[in-house]
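To keep things clear, I will list the structure first and then write my remarks on it.
The values are calculated or read from the model by the stated rules, or taken from the named source; none is laboratory data. Quick caveat, the model's predicted, so the values are computed rather than measured. Cβ sites come from the backbone with ideal geometry, for glycine too, and all protein chains shown count toward neighbours.
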Amino acid sequence: MSEFFPSPNDLANHKIFDGVVITTCAASRMMMSLVRMEPNSEVKAHSHPHEQIGMVLKGRAIFKIGDEKKELAVGEFYRIPPDVVHQVWALDEGAEALDIFSPIREDYL
C-alpha cells in the first residue's frame, strides 16, 4: 500500500442506508468520502460530533441541515456543524457528493 496514493483496494466502502454507499479515504486528521445515492434514496436524519463540508458532484438532492432545507445541484456546497441534525433526499436522477470530515469518522474506516 502506498502512503501517498491509495489504490481502490485500500479504501473503505460502506452501505450506510438503503441505496446509499460511501467510499472513504482518511488521513491523520481528516477524511474524504464519495457518497453515491440511488434515485429517490435517503440519508436518514442523524447527527455526529464531526464537522462536515461537501459539494454535490452529480445529480440533485434536497438537504435539510438544522431547520433549513434546500435543493442542491452540481457544484453547490454545504456546511454541517458538529452535532447538527441533517438529512438528504436524492431526486429522480440520484446524486453523488464529496464529503470532508474532521476529525476522521472511525465508523467509516
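I'm checking my understanding of the structure. Among residues of the range 29-67 that are over 12 Å from residue 87 (Cβ atoms) and of a type in the set (Lys, Arg), which one is modelled with the lowest pLDDT?
29
Just to verify a result, which residue in the range 30-79, among those that are under 13 Å from the mean Cα position of the chain (by Cα) and among the charged types (D, E, K, R), is surrounded by the fewest Cβ atoms within 10 Å (Cβ to Cβ)?
So, considering only residues that are under 13 Å from the mean Cα position of the chain (by Cα) and among the charged types (D, E, K, R), the one surrounded by the fewest Cβ atoms within 10 Å (Cβ to Cβ) is 79.
I need the full set of residues from the range 19-71 which are farther than 17 Å from residue 95 by Cβ and of a type in the set (Ser, Thr, Tyr), in order please.
Once the filter is applied, which keeps residues that are farther than 17 Å from residue 95 by Cβ and of a type in the set (Ser, Thr, Tyr), the range 19-71 yields 24, 28, 47.
Quick check on the range 1-29: of everything there that is among the aliphatic types (A, V, I, L, M) and part of a strand (DSSP E or B), which residue is surrounded by the most Cβ atoms within 10 Å (Cβ to Cβ)? Walk me through it before giving the result.
Here is the first cut: in the range 1-29, the ones among the aliphatic types (A, V, I, L, M) are 1, 11-12, 16, 20-22, 26-27.
Those left that are additionally part of a strand (DSSP E or B): 12, 16, 20-22, 26.
On the way: 12: 15, 16: 15, 20: 19, 21: 15, 22: 21, 26: 19.
So the residue we want is 22.
Quick test of your reading of the structure: residue 94 fulfils all but one of (1) assigned to a loop (DSSP other than H, G, I, E, B); (2) in contact with a strand residue (DSSP E or B) (Cβ under 9 Å, 6 or more places away or on another chain); (3) at positive phi. Name the failing condition by number.
(1)
On the given criteria, is residue 87 closer than 27 Å to residue 8 by Cβ, at pLDDT 95 or above, part of a strand (DSSP E or B) and among the polar types (S, T, N, Q)? Spell out how you get there, then give the answer.
Working: closer than 27 Å to residue 8 by Cβ: no; at pLDDT 95 or above: yes; part of a strand (DSSP E or B): yes; among the polar types (S, T, N, Q): yes.
Judged against the criteria, residue 87 is not a match.
With the structure loaded, tell me whether residue 44 is of a type outside the set (A, V, I, L, M, F, W, C), within 21 Å of residue 13 (Cα to Cα) and either in contact with a strand residue (DSSP E or B) (Cβ under 8 Å, 6 or more places away or on another chain) or not in a strand (DSSP E or B) (or both) or whether it fails that test. Full working, then the answer.
Values: of a type outside the set (A, V, I, L, M, F, W, C): yes; within 21 Å of residue 13 (Cα to Cα): yes; either in contact with a strand residue (DSSP E or B) (Cβ under 8 Å, 6 or more places away or on another chain) or not in a strand (DSSP E or B) (or both): yes.
Against the criterion (of a type outside the set (A, V, I, L, M, F, W, C), within 21 Å of residue 13 (Cα to Cα) and either in contact with a strand residue (DSSP E or B) (Cβ under 8 Å, 6 or more places away or on another chain) or not in a strand (DSSP E or B) (or both)), residue 44 qualifies.
Going by the conditions given, is residue 33 hydroxyl-bearing (Ser, Thr, Tyr) and outside any strand (DSSP E or B)? Give the derivation first.
Details: hydroxyl-bearing (Ser, Thr, Tyr): yes; outside any strand (DSSP E or B): no.
No.
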